[in-house]
Ligand SMILES: [Zn+2]
């Protein structure tokens, strides 16, 4: 039997049977036609049946009606397939990710203003905090708020020092003192470290930490002009960028929120820095 007549025959039959039933019937039919033939010929026809089965396999999804397809897959599995199809069907477009990072806080005057704006926009950011600033009166609650509102807290040393100029012991102390302060407030020790001035210590790779820099420098600390900061960032930014800002200037806070509004409108999703590093 040629493949065209077989397919036509299959199309007529497949309305009431599962694919396995159809194939079985087809093999039986072929066998019946050669019942009285020699054993050799019968074996040849059985082999043909197997070939037909292998040939039909990739086509099952394309011409077997959906309800029969489900029947073939069996109870339970059909449900799984549907949900997968639903997932694939309802494809959520992948949005380009970007991370806002703020160094040198917490700042009693501006950080909460920034947190208010981020909360309103449902944006999570990353804060690389300085130990001495955490210890300033009233700033502990800012760290707690960052944590409770889903922001990521990173370590920016205790005294904001150049780690490359320190002995291993001094460097380790700078990191540990800030780790301890954050852990006492949130129960979690920062995993990310941003070395001040982007100056990496020689032993950075030996530490049980991840040292991160940035990919877009807003220049906010020197520009101190909201519109210029916004313009620089939105011009330079690309997917997966980590934007460096500082939550200790009013212009930086204003610029950061405007940057969020502009980039969200362009389809960007704001994530914490660890998300960029993981993906
Ligand atoms: Zn800094």
- Selection count, the range 86-110, where residues are more than 16 Å from the ligand (Cβ to nearest atom), modelled with pLDDT of 95 or more and either crowded, with 20+ Cβ neighbours inside 10 Å or in a helix (DSSP H, G or I) (or both): 2
- Task: Taking the residues in the range 111-136 that are within 19 Å of residue 270 (Cβ to Cβ) and in a loop (DSSP other than H, G, I, E, B) as candidates, determine which candidate is nearest to the ligand (Cβ to nearest atom).
- Result: 125
- Collect the residues in the range 110-136 that are in contact with a helix residue (DSSP H, G or I) (Cβ under 8 Å, 6 or more places away or on another chain) and over 24 Å from residue 175 (Cα atoms), keeping them in residue-number order. 110, 112, 113, 114, 115, 117, 118, 121, 123
- Go through 178, 272, 226, 251 for me and flag whichever is in contact (Cβ under 8 Å) with a residue 40 or more places away in the chain and in contact with a helix residue (DSSP H, G or I) (Cβ under 6 Å, 6 or more places away or on another chain). 178
- Query: How about the range 134-166: which of its residues are at positive phi and surrounded by 15 or more Cβ atoms within 10 Å (Cβ to Cβ)?
  - Reply: 157, 160
- Query: If a residue has to be without any contact (Cβ under 8 Å) to a residue 60 or more places away in the chain, touching a helix residue (DSSP H, G or I) at 6+ places or on another chain (Cβ under 8 Å) and within 16 Å of the ligand (Cβ to nearest atom) to count, how many in the range 140-170 make the cut?
  - Reply: 11
- Message: Take the residues in the range 137-161 that are farther than 22 Å from residue 176 by Cβ and assigned to a helix (DSSP H, G or I); name whichever of them is nearest to the chain's Cα centre (by Cα).
- Response: 148
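The values are calculated or read from the model by the stated rules, or taken from the named source; none is laboratory data. Owing to the predicted nature of the structure, the values given are computational and were not obtained by experimental measurement. A quick note on method: Cβ atoms are made from the backbone with ideal geometry, for glycine too, and the neighbour counts reach across all protein chains shown.
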